[in-house]
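First comes the structure, then the notes that go with it.
The values are calculated or read from the model by the stated rules, or taken from the named source; none is laboratory data. Keep in mind it's a predicted model, so treat the numbers as computed, not measured. With ideal geometry, Cβ positions are generated from the backbone for all residues, glycine too; neighbour counts draw on all protein chains shown.
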Ligand SMILES: CCC(=O)SCCNC(=O)CCNC(=O)[C@H](O)C(C)(C)COP(=O)(O)OP(=O)(O)OC[C@H]1O[C@@H](n2cnc3c(N)ncnc32)[C@H](O)[C@@H]1OP(=O)(O)O
């Protein structure tokens, strides 16, 4: 009886694992949205509505190194997200989903500041709960897919990351903070809670006690506090302190290199198994790990390494 139950559980987890694997597969097809008409959501209709609030852009630079740079670009508004930038972001995530040569991603803001959240002018204009929910579903989808990319991602935080900007940092695998920078979930101050998935992700990054403190107190997280609570994974050198360290972007790319050095299939496989462990119940995560393992075992990088008799001193 116990065996039957275990078999049933394995069968169930094996089918949901296949779904997860299918989602992880890099393909040129647009990914299925997190929300659908059953949730009262129509992605295309929401895209059109958001485009009615123009300004700024989200720019993507894919480099030969396999590391892309995604820039939130609306400096006149401290890189606040206009509606059209939300659409831009979702489109850039789609492009990254089909980037077969990709290994890493740096997400940053233009003009030495990260992002001041959603554009308050757009927020005022779409303040009806229905429209707010649609924007929320659209951004949850875009940011969930950003975090699920088979790339190792880092948010390079210079200046301020406020509100939705703070939420965006949590959609990356790592956060690097420049001296003087601040991550602040200011939502409470404007009568809101995170809606772009930032609370769910924050709890997973810093634990529920710290998340409650950061959200409930709208606490300003500077680099020191960021390291202390585990929100920041590193702090950049100050300009002038170590000129050889390079610009903040160069420093972020150098920091990321330790995780992106190596063959594309191996780096992508590392991200996939960690993602499975992060998102799935244990049995399903194990199944996914097995599937991913099968893609690297006996593959060229594995055979080359075995032939070279490498030592790990
Ligand atoms: C998902 C939920 C959300 O994200 S709700 C949005 C949460 N964000 C905010 O409330 C940020 C509000 N802005 C601020 O606190 C300040 O502008 C910050 C970012 C600290 C910068 O201050 P400071 O250096 O003095 O510059 P400033 O205030 O003069 O700003 C320069 C121009 O940028 C604009 N700006 C800034 N943030 C936004 C925003 N989120 N939406 C729309 N516009 C924004 C300011 O209004 C200012 O514009 P202008 O020069 O007065 O035309």
- Selection within the stretch 187-219 - farther than 24 Å from residue 145 by Cα and either part of a helix (DSSP H, G or I) or more than 14 Å from the ligand (Cβ to nearest atom) (or both): 188, 189, 190, 209, 210, 212, 213, 214, 216, 217, 219
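Here is a yes/no grid of residues against (1) closer than 30 Å to residue 300 by Cβ; (2) out of contact with any helix residue (DSSP H, G or I) (no Cβ under 9 Å at 6 or more places or on another chain); (3) surrounded by fewer than 18 Cβ atoms within 10 Å (Cβ to Cβ):
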residue: 222; (1), (2), (3): no, yes, no
residue: 236; (1), (2), (3): no, no, no
residue: 241; (1), (2), (3): no, yes, yes
residue: 260; (1), (2), (3): yes, no, no
- If you go through the stretch 240-252 one residue at a time, how many are part of a helix (DSSP H, G or I) and more than 16 Å from the chain's Cα centre (by Cα)? 7
- Message: Conditions first: (1) within 16 Å of the ligand (Cβ to nearest atom); (2) surrounded by 15 or more Cβ atoms within 10 Å (Cβ to Cβ); (3) at pLDDT 95 or above. Residue 47 passes all but one, so which condition is the exception?
- Response: (1)
- Query: Which residue out of 122, 171, 178, 155 is within 9 Å of the ligand (Cβ to nearest atom), assigned by the TED database to the domain that holds residue 47 and buried (at least 19 other Cβ atoms within 10 Å of the Cβ)?
  - Reply: 122
- Matching residues in the stretch 31-80 - criterion: being more than 29 Å from residue 260 (Cα to Cα) and touching a strand residue (DSSP E or B) at 6+ places or on another chain (Cβ under 7 Å): 56, 78, 80
- Taking into account only those residues within the stretch 72-88 that are more than 13 Å from the ligand (Cβ to nearest atom) and crowded, with 20+ Cβ neighbours inside 10 Å, which is nearest to residue 140 (Cα to Cα)? 87
